[in-house]
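Scroll down for the structure; my scribbles are underneath it.
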Amino acid sequence: MQRKGLLKAMCAGGLLAGVMALAGAAHAQVKWDLPTGYPANNPHTINLEQFAKDVNTATQGKLAITLHPNGSLFKANEIKRAVQSNQAQAGEVLMSLLENENPLFGVDAVPFLATGFEASYKLWQAQRPVVDRLLDRQGIKLLYAVAWPPQGIYAKKEIRSGADMKGLKWRAYNPATTRIAQAVGAQPMTIQAAELSQALATGVVDSFMSSGATGVDSKVWESLTHFHTVDAWLPKNMIIVNKREFDKLDKPTQEALLKAARDAETRGWQRMREYTQQSLDTLAKNKMTIVKPTQQLQADMKKIGDELLAEWEKKAGPDGKEIIAAYRKQ
Ligand code: PCA
């Protein structure tokens, strides 16, 4: 009887040790929050989900990344600062949102500098070392970046020229889209993607430039009627990490993370290419008119693009020149 009791106690002790070991393992697990301003079903977010899963698998659960889509943890325009101050360990940020901080972040939002995926990818190769350096100085590590599909004009009527855009209530998402509104005499208002549906539904805005992807995300057909495929630029989302958090990881975990990031970048660019036509098909299926822009509209937009490029080059200085030269050399 006594023996049995002892055995029981030993078993319980073993179980306790096991539980403690488990607790130890759980303690060794690193957990990161990764906020993004875009919704869960957006292809960028789906790609990010795969990335987080890959990291989890490759590190056997040692690094667990939790996604917070749609501005639920931090709003799109707060995410960079949240990562820098380590309120979130990682995050997804629209690079050109930071153009006011430094113009070098905004080269991918200069209209007509790079208008397709191939050109846009080349521009990224030229821009990457500069962005990497800038972020590094701020205690941020760049993991990867993926372009959105080409940007066109959404409106409630057919836009046939720059003059037709005068007076529109224009939703802007970064400094460049604000500048375009000013150039055509529209009224710009900055609204991030998570609030776009609401702003359209309430009539706060009646037009904007973006991709087919964001049109689908915000069910733009509930408020607007036309999408003009101007293909003016392809802005990028980047995934960033607080550098101190990255440095805390052991070497194999860092390597697994960087490998997953490289894979996510390749996969993301491929997926966005495919999604470009798919998103336009979805718009059309929902009775949006997809308009090939008139020569006049294209010429007017191109003229604004030339002005914005000149402005950008002036602001961006020698580093900017270096990016453009490297891009044109490829
Ligand atoms: N969608 C994002 C940025 C660029 C894009 O295609 C947006 O409209 O907010």
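The values are calculated or read from the model by the stated rules, or taken from the named source; none is laboratory data. As the structure is a prediction and not an experimental result, all values here were calculated from the model. Reconstructed Cβ throughout: ideal geometry from the backbone, glycine too, with neighbour counts over all protein chains shown. With ligands, DNA and RNA removed, areas are computed over all heavy atoms of the protein, side chains included. Shrake-Rupley method; radii C 1.70, N 1.55, O 1.52, S 1.80 Å.
Residues in segment 174-183 that are open to solvent by 10 Å² or more (accessible area, probe 1.4 Å) and either in contact with a Leu (Cβ under 7 Å, 6 or more places away or on another chain) or not hydrophobic (A, V, I, L, M, F, W, C) (or both): P175, T178, R179, Q182.
The rows are residues; the columns are (1) within 14 Å of the ligand (Cβ to nearest atom); (2) among the aliphatic types (A, V, I, L, M).
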{"site": "L113", "(1), (2)": "no, yes"}
{"site": "Y144", "(1), (2)": "no, no"}
{"site": "I153", "(1), (2)": "yes, yes"}
{"site": "K169", "(1), (2)": "no, no"}
{"site": "A172", "(1), (2)": "yes, yes"}
{"site": "A193", "(1), (2)": "yes, yes"}
{"site": "T202", "(1), (2)": "no, no"}
{"site": "F208", "(1), (2)": "yes, no"}
{"site": "G212", "(1), (2)": "yes, no"}
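In the condition set (1) out of contact with any strand residue (DSSP E or B) (no Cβ under 9 Å at 6 or more places or on another chain); (2) of a type outside the set (D, E); (3) more than 16 Å from the ligand (Cβ to nearest atom), Q198 is compliant with all but (3).
From the list A163, A186, the lone residue that is crowded, with 23+ Cβ neighbours inside 10 Å and farther than 30 Å from Q89 by Cβ is A186. Taking K141, is it at pLDDT 95 or above, assigned to a strand (DSSP E or B) and not polar (S, T, N, Q)? When the stated conditions are applied, K141 passes them.
Of all the residues in segment 198-215, those that are under 18 Å from the mean Cα position of the chain (by Cα) and open to solvent by 30 Å² or more (accessible area, probe 1.4 Å) number 0.
Here L283 does not fit the description of being modelled with pLDDT of 95 or more, away from the ligand (no atom under 16 Å from the Cβ), open to solvent by less than 10 Å² (accessible area, probe 1.4 Å) and within 19 Å of A155 (Cα to Cα). The criterion of at least 2 residues that are farther than 30 Å from A64 by Cα is met by the following strands (runs of 3 or more DSSP E) wholly inside segment 167-274: 169-172, 187-190, 207-210, 226-228.
Once segment 17-44 is narrowed to residues that are open to solvent by 10 Å² or more (accessible area, probe 1.4 Å), at pLDDT 95 or above and aliphatic (A, V, I, L, M), the residue that is nearest to the ligand (Cβ to nearest atom) is A40.
Go through segment 223-260 residue by residue and tally those that are within 16 Å of the ligand (Cβ to nearest atom) and either more than 21 Å from A40 (Cα to Cα) or surrounded by fewer than 18 Cβ atoms within 10 Å (Cβ to Cβ) (or both). The number of residues fulfilling the criteria is 9. Within segment 271-280, one or more residues are open to solvent by less than 70 Å² (accessible area, probe 1.4 Å), modelled with pLDDT of 95 or more, β-branched (V, I, T) and under 25 Å from the mean Cα position of the chain (by Cα). Can you spot a residue in segment 138-156 that is open to solvent by less than 10 Å² (accessible area, probe 1.4 Å), among the small types (G, A, S) and out of contact with any Lys or Arg (no Cβ under 9 Å at 6 or more places or on another chain)? The answer is yes, given that some residue of segment 138-156 is open to solvent by less than 10 Å² (accessible area, probe 1.4 Å), among the small types (G, A, S) and out of contact with any Lys or Arg (no Cβ under 9 Å at 6 or more places or on another chain).
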